[in-house]
Amino acid sequence: METNNEYEYIGKSERNVNGIEKVTGAAKYCSDMELPRMLYGKVKRSPYPHARIISIDISKAKELPGVKVVIVGDEKTCPYRFGAGVADEYVLARDKVLYVGDAVAAVAAETEEIAQEAVDLIEVEYEELPPVFDGDEAFSKNPPAVLHEDLKSYKTIRSVPPRFDENRPNVFNYFRIRRNNAEEAFKEADIVLENRFEVAMIHHVQMEPHCGVAKVDGTGRLIVWGTTSKPYGMHKDISESRGMASSAVRVIVPTHVGGAFGGREPKAEQIAASLALAQKGYPKRPVKMRFTREEQLSTTTTRARYIVEIKTGAKKDGTLVANKMKTILVGGAYAGTGYLTARNGSFGPAANYKIPNFSLDAYGVYTNQRMAGAFRGFGNAETLWGMESQIDMLAHELNIDPLKIRLMNCIDEGDLNAFQEKMHSVGAKECLEAAARDIEWGKKPEKPKEPHLKMGKGIALGNKYSLVPTASACFIKVHPDGLVELRTSTVELGQGSNTIFSQMISEEFQIPVSMVRVLNPDTDITPFDLGTASSRSTFNMGNAIRKACADAKKQLFEIAAKELGVTEDVLETADSRVFVKDSPGKSLHIKDLFIPMVIGGYTLKEGGEIFGKATYYLPGVMPDPETGASERPASFYMFVAQAAEVEVDTQTGKIRVTKMVTANDCGKAINPMMVEGQQDGGVLSMGIGSALLEEVITDNGVMLNPQFADYKIPTTLDCPNCDNYKSAIIETAHREGPWGAKGVGEGTMVSSAPAIANAIYDAIGIRFHEIPITPEKVLRALKEKNQESLG
């Protein structure tokens, strides 16, 4: 769809600038990289969830023909811990292993097969220790196991520091919100509901498995290629975990990366770097570490199990008066991005509704599982699963329409959220109204042909913040032929950022998208960006691009003004020409500003080149540690409403989503087709998958379904027919966003699960408190319901 628009390039559905390479198979990923004399890495992993390392014998592995280097976790290989907010992880485990799959040794050899054979020859002696997997047990004051006895001595990040709990040794972060007095307000409520909801561990299932390539160049400098979504974050981790100078490390991300969705912690890259550095002599050979699909599914970062305890009070008319929550992110052996996910999962509940009395305690806890951290929605899909189920339950208890109770309570422009932040750019009502319209809310579903098939509709509201503090920088280079080049460290992960940025530059310079080039991230060439995360790229990098374009145009006009004999303020540019605004015929081509040099190329008389640069920095205001109060805890909020119609087969328990609609408030759709693509993927894949299908199943820390044959993700057969799926773009411009834009990617799935679950309740009258809602769970619940009715 095209949106309301007065621009030449903004708001238009330009095709993906990387699309041709992808559809023709020409696109090259890190997994495709081959360098001369490449070695191939493999990892020795722990078979135990918690154990002390007694000894590691690598002698047989080193003797195997074709093996070039074998490393273990020691002072030389892994001198320092690293981590997103808590430095709690070594590149290879030292002293203890903390989950099944924890890396204890690595090999680089002439082929992957030789490397794997060498790994199998490594002998490790362990002393098993008691593990902890259950979130409630890990959270307790006397847990069965304490994973990090020296946690309080670990290095933490200064900008958003974690908070530990003195009485709970496995808590790696604690965050709280207090607005007025929830407990007192419950006494004034006409109805109070208290429930517990849980979310299963699921995987990101990126198309491209994790991969890293590392080499040491002729100067001794380490160069690392990888599948990361945060080039400068990986650069920091690699250098600081080895005590290397930052200038001694270079990180490059290929033009194409096969998806991220939050789960790209750079473990493969870290191990490849260690193997490259550990080689003796010179020249050192490049090393490629590519995880198998099974390694990716069973050892890399997941979305955490989540526990949401919620108590909500309301008046008879449906007015919400108080809400109290406790959330536990059941993390893994290392905090990773989970330390921030545990904290920031509170933002969704804090900004969905006008609730005058609000209390929330958010925790992240260690368990003996692999790392659980960032996942599309960053904790908010999990916490909103609890809140939006609870709101539906309130509506039914009060005999109020579920849409009505949301419309009367949803937050609006100028309202204060639970942080006591004044809300701006709020499209909650518009999203609800659009979703209700497209699902035909109030109209009963068509009666199924068979009596064992039951139909129902459900709706849910959600929002997704974008984090602070935040910063993005970029460079804009204007070439003599008029092409404009963007140097950015935002990673093109398939979301279309290169296309969006190209449209922004096209609008600023009034040139076709084909006259814009975007370079892939390279810490030698492209400047700092916080990371491709938190739906922040369009807003943050977009603002940096506008500032850098203004800088480049200022330089352009300074030179052109002298040539045209006018002042800079009367000039404008379009179609690679600079012209006088009131007299467009008085103009010159950009190439005419450059001087052709004999036996050389083109130069400027001064300044070197037309090179704009800028940083967009938004510090925000850190929430008060006791109350969470903050004037600006987030950059912006995206709102979303989704509605579902489902068919439940009471004989088999199978749930079929027959209709699905989503309405997303993105501020301004820079490229409506790209927004729709985000909506389609978020709802039809991850939304339906997390609600009905996906779960990492474990036994004593071992993943039992590490293959696509057993780890179920949605196929086209699990999605509604195209005619029964609708998406709406809601534009509530943000005063600070580029052209009013915010973001959209994560908000597309944060309300999918409760919308589907609420529809299931409407169909069969059973409320589910855990997702995924599988056929087995449906049949069990139906059996219990029938027994209760008979008893």
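The values are calculated or read from the model by the stated rules, or taken from the named source; none is laboratory data. Values in this document were obtained by computation on a predicted structure and should not be read as measured data. We place every Cβ from the backbone using ideal geometry, glycine too, and count neighbours over all the protein chains shown. Note: accessible area is taken over every heavy atom of the protein model, side chains too, but ligands, DNA and RNA are not part of it. Shrake-Rupley method; radii C 1.70, N 1.55, O 1.52, S 1.80 Å.
Tell me whether the range 456-472 contains one or more residues that are touching a Lys or Arg at 6+ places or on another chain (Cβ under 8 Å), closer than 30 Å to residue 608 by Cα and either open to solvent by less than 50 Å² (accessible area, probe 1.4 Å) or not in a strand (DSSP E or B) (or both).
Within the range 456-472, one or more residues are touching a Lys or Arg at 6+ places or on another chain (Cβ under 8 Å), closer than 30 Å to residue 608 by Cα and either open to solvent by less than 50 Å² (accessible area, probe 1.4 Å) or not in a strand (DSSP E or B) (or both).
Can you tell which of 391, 400, 405 is in contact with a Pro (Cβ under 9 Å, 6 or more places away or on another chain) and modelled with pLDDT of 95 or more? Lay out the reasoning, then the answer.
Details: 400 fails: in contact with a Pro (Cβ under 9 Å, 6 or more places away or on another chain); 405 fails: in contact with a Pro (Cβ under 9 Å, 6 or more places away or on another chain).
Going through 391, 400, 405 in turn, the sole match is 391.
Quick grid of which residues meet (1) open to solvent by 20 Å² or more (accessible area, probe 1.4 Å); (2) of a type in the set (Val, Ile, Thr); (3) touching a Leu at 6+ places or on another chain (Cβ under 7 Å):
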residue	(1), (2), (3)
487	yes, no, yes
491	no, yes, no
517	yes, no, yes
523	yes, yes, no
531	no, no, no
537	no, no, no
541	no, no, no
552	no, no, no
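Of all residues in the range 161-180, count the ones that are within 23 Å of the chain's Cα centre (by Cα) and of a type outside the set (Lys, Arg). Quick ask: steps written out before the conclusion?
Pass one, the range 161-180, residues within 23 Å of the chain's Cα centre (by Cα): 161-163, 171-176.
Subset that is of a type outside the set (Lys, Arg): 161-162, 171-175.
Going through the range 161-180 one residue at a time, the tally reaches 7.
Among the residues of the range 676-697, which ones are out of contact with any helix residue (DSSP H, G or I) (no Cβ under 9 Å at 6 or more places or on another chain) and in contact (Cβ under 8 Å) with a residue 60 or more places away in the chain?
Matches in the range 676-697: 676, 677, 695.
Identify all residues within the range 87-112 that are acidic (Asp, Glu), part of a loop (DSSP other than H, G, I, E, B) and open to solvent by 10 Å² or more (accessible area, probe 1.4 Å); write none if there are none. Don't jump to the end; show me each part of the working.
Start the filter on the range 87-112 by keeping residues that are acidic (Asp, Glu), which leaves 88-89, 95, 102, 110, 112.
Retained after the next criterion (residues that are part of a loop (DSSP other than H, G, I, E, B)): 88, 95, 102, 110.
Answer for the range 87-112, where residues must be acidic (Asp, Glu), part of a loop (DSSP other than H, G, I, E, B) and open to solvent by 10 Å² or more (accessible area, probe 1.4 Å): 95, 110.
Which condition number does residue 477 fail, the rest of (1) over 26 Å from residue 236 (Cα atoms); (2) outside any strand (DSSP E or B); (3) charged (D, E, K, R) being met?
Of the numbered conditions (1) over 26 Å from residue 236 (Cα atoms); (2) outside any strand (DSSP E or B); (3) charged (D, E, K, R), the odd one out for residue 477 is (2).
Please find, within the range 115-166, the residue that is surrounded by the fewest Cβ atoms within 10 Å (Cβ to Cβ) out of those that are farther than 15 Å from residue 328 by Cα and among the small types (Gly, Ala, Ser).
Per the criteria, the residue is 153.
I'd like the residue in the range 220-257 that is open to solvent by less than 10 Å² (accessible area, probe 1.4 Å), of a type outside the set (Val, Ile, Thr) and in contact (Cβ under 8 Å) with a residue 40 or more places away in the chain and, out of all such residues, is farthest from residue 93 (Cα to Cα). Working first, answer last.
From the range 220-257, those open to solvent by less than 10 Å² (accessible area, probe 1.4 Å) are 222, 224, 226-229, 231, 234, 238-239, 241, 249, 251, 253, 256-257; that's our starting set.
Among the residues that remain, those that are also of a type outside the set (Val, Ile, Thr) are: 222, 226, 229, 231, 234, 239, 241, 256.
Then drop every residue that is not in contact (Cβ under 8 Å) with a residue 40 or more places away in the chain, which leaves 222, 226, 229, 231, 241, 256.
Numbers: 222: 22, 226: 21, 229: 24, 231: 24, 241: 13, 256: 31 Å.
For the range 220-257, the residue satisfying everything is 256.
Which condition number in (1) crowded, with 19+ Cβ neighbours inside 10 Å; (2) of a type outside the set (Lys, Arg); (3) under 34 Å from the mean Cα position of the chain (by Cα) is the one that residue 6 fails?
(1)
In the range 657-714, how many are surrounded by 23 or more Cβ atoms within 10 Å (Cβ to Cβ) and among the aliphatic types (A, V, I, L, M)?
The qualifying residues number 15.
Quick grid of which residues meet (1) surrounded by fewer than 16 Cβ atoms within 10 Å (Cβ to Cβ); (2) at pLDDT 95 or above; (3) on the phi > 0 side of the Ramachandran plot:
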residue: 600; (1), (2), (3): yes, no, no
residue: 607; (1), (2), (3): yes, no, yes
residue: 616; (1), (2), (3): no, yes, no
residue: 621; (1), (2), (3): yes, yes, no
residue: 624; (1), (2), (3): yes, yes, no
residue: 629; (1), (2), (3): no, yes, no
residue: 633; (1), (2), (3): no, yes, no
residue: 642; (1), (2), (3): no, yes, no
residue: 646; (1), (2), (3): no, yes, no
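Would you call residue 341 assigned to a helix (DSSP H, G or I), at pLDDT 95 or above and farther than 24 Å from residue 432 by Cβ? Lay out the reasoning, then the answer.
Numbers: assigned to a helix (DSSP H, G or I): yes; at pLDDT 95 or above: yes; farther than 24 Å from residue 432 by Cβ: yes.
Considered against the rule, which asks whether it is assigned to a helix (DSSP H, G or I), at pLDDT 95 or above and farther than 24 Å from residue 432 by Cβ, residue 341 comes out as yes.
Report the residue count in the range 752-791 for those that are part of a helix (DSSP H, G or I), farther than 15 Å from residue 384 by Cβ and either at pLDDT below 95 or not aliphatic (A, V, I, L, M) (or both). Quick ask: steps written out before the conclusion?
First pass over the range 752-791, keeping only residues part of a helix (DSSP H, G or I): 752-764, 775-790.
Those left that are additionally farther than 15 Å from residue 384 by Cβ: 759-764, 775-790.
Those still in the list that are either at pLDDT below 95 or not aliphatic (A, V, I, L, M) (or both) too: 761-762, 775-777, 780, 783-790.
Qualifying residue count for the region: 14.
Among the listed residues 710, 680, 723, identify the single one that is under 30 Å from residue 98 (Cβ atoms) and either part of a helix (DSSP H, G or I) or not hydrophobic (A, V, I, L, M, F, W, C) (or both).
Values: 680 fails: under 30 Å from residue 98 (Cβ atoms); 723 fails: under 30 Å from residue 98 (Cβ atoms).
The unique qualifying residue is 710.
Of the conditions (1) within 30 Å of residue 362 (Cα to Cα); (2) touching a residue at least 24 places away in the same chain (Cβ under 8 Å), residue 588 fails just one. Which one is it?
Looking at each condition in turn, residue 588 falls short on (1).
For residues that are outside any helix (DSSP H, G or I) and either among the β-branched types (Val, Ile, Thr) or more than 24 Å from the chain's Cα centre (by Cα) (or both), scanning just the range 727-751, find the one that is nearest to residue 692 (Cα to Cα). Explain how you work it out, then say what you get.
Quick first cut of the range 727-751, residues outside any helix (DSSP H, G or I) only: 727-737, 741-745, 749-751.
Adding the requirement that they be either among the β-branched types (Val, Ile, Thr) or more than 24 Å from the chain's Cα centre (by Cα) (or both) leaves 729-730, 732, 735, 744, 750.
Numbers: 729: 26, 730: 27, 732: 32, 735: 38, 744: 23, 750: 14 Å.
Restricting to residues being outside any helix (DSSP H, G or I) and either among the β-branched types (Val, Ile, Thr) or more than 24 Å from the chain's Cα centre (by Cα) (or both), the top hit is 750.
Could you check how many residues of the range 377-420 are more than 21 Å from residue 744 (Cα to Cα) and either polar (S, T, N, Q) or not in a helix (DSSP H, G or I) (or both)?
13
Inside the range 294-328, can you point out the residues that are in contact with a Ser or Thr (Cβ under 8 Å, 6 or more places away or on another chain) and without any contact (Cβ under 8 Å) to a residue 60 or more places away in the chain?
Correct list: 327 only.
Just give me the residues in the range 210-242 being among the acidic types (Asp, Glu) and under 16 Å from residue 85 (Cα atoms), in sequence order.
Within the range 210-242, 237, 240 meet the criteria.
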